[in-house]
Amino acid sequence: MFFDILTLFPSMFEGVFSDSIIHRAIKSWLVSITMHNIRDYSDDERHKTVDDYPYGGDAGMLMKPEPLSRAIRASQERLREHNPTVIYLSPRGELIRHEIVEELRQEKALILLCGRYKGIDERVSTAYVDRELSLGDFVLSGGEIAAMALIDAVTRLIPGALGNRDSAETDSFFNGLLSHPQYTRPEEFEGMRVPDVLLSGHHANIAAWQRQMAEDITRKRRPDLWERFITDKK
Ligand SMILES: C[S@@+](CC[C@H](N)C(=O)[O-])C[C@H]1O[C@@H](n2cnc3c(N)ncnc32)[C@H](O)[C@@H]1O
């Protein structure tokens, strides 16, 4: 799977992709990540300007349309045979949920546009963006952290990216529920014991307990998720 990242801060991604699961996925050719500095597409040779004042007199600066459109077109051309989807990370986008990550995992190539300043000229979104996605109902300083989160979440679901040990199937959201509680050694920690059932070796009882806990936790912590789970089951 190909990820092209359009950003003003390529170096922000260095540490994130040089460790752990994404690093392994890159090394085993499951994913390929290419960074593009939007500044390289500025037509201002000297200052590499990519922002300008917004019409209407709002405070702050906006990303100019021309460098963005050039950067997107270059990336689309590069990935043409993989039919890339252009995603703009934006607080106005659809909230990223497990189902969206599952959908994106089926794609061959994603172009991730990271905004800065007060965001991007609306016409870029209208003409070039297939999907706007949000990391949550809060405002980040830029789309980079949202892009990192999305790449991490999608990569985890690519077959072969996780070893059996880390299988995604036991993670929250995979079956529509939050994860059940987990324990490791020692059996007792600061006066708290591991639940007896987990020490029993009785697999059916353990599975039933885990399921019950997952349902209880989901109902209590995420009534919205629980509603959806119940509706989907019907
Ligand atoms: C300071 S924000 C601009 C916010 C914009 N003026 C608004 O109120 O919708 C700068 C950039 O950060 C990114 N960003 C901010 N919050 C985000 C979120 N919740 N999810 C994804 N990207 C976000 C976007 O790419 C955005 O263009």
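No value in this document is a laboratory result; all are computed from the given coordinates. Note that this is a predicted model, so its numbers are computed, not measured. Cβ: placed from backbone, ideal geometry, glycine included. Neighbour counts: every protein chain shown.
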**OP:** Treat each spin label as a single point 7 Å out from the Cα along the C-beta direction, and report the H202 to F138 distance in nm.
**Re:** 4.3 nm
Original post:
Can you give me the pair-distance distribution of region 1-105, C-alpha pairs, 10 Å bins, whole percents?
Top reply: 12, 34, 37, 14, 2
Subject >> Exposed chymotrypsin sites (Phe, Trp or Tyr not before Pro) absent: longest stretch of the chain, with sites in DSSP loops and at most 12 other Cβ within 10 Å deemed exposed >> reply: 139-234
Original post:
How long are the three semi-axes of the equivalent ellipsoid for region 101-152, computed from the Cα gyration tensor as the root of 5 times each eigenvalue, in whole Å, largest first?
Top reply: 19, 15, 9
**OP:** Report ³J(HN,Hα) in whole Hz for each residue of region 122-135, in order, from the Karplus equation J = 6.51 cos²θ - 1.76 cosθ + 1.60 where θ = phi - 60°; Gly and Pro get x.
**Re:** 4, 5, 5, 4, 4, 8, 10, 8, 7, 8, 10, 10, 10, 7
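Across the chain, how large is the tail of the calculated P(r) beyond 32 Å, expressed as a percent of all Cα pairs?
Cα-Cα pairs in the chain separated by more than 32 Å: 35 percent.
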**OP:** Take each complete run of DSSP H in the chain, measure how far its Cα atoms stretch along the helix's own axis, and keep only those covering 18 Å or more with mean Kyte-Doolittle hydropathy at least 1.0; list them.
**Re:** 144-157
Subject >> Ordering of 61-70, 102-111 by burial proxy (mean other Cβ atoms within 10 Å per residue, highest first) >> reply: 61-70, 102-111
Subject >> 4 °C / 1.567 mPa s Stokes-Einstein diffusion coefficient of region 54-181, Kirkwood radius on C-alpha pairs, µm²/s >> reply: 80 µm²/s
Subject >> Radius of gyration, Dmax [region 159-213; alpha carbons; angstrom] >> reply: 13.2, 40
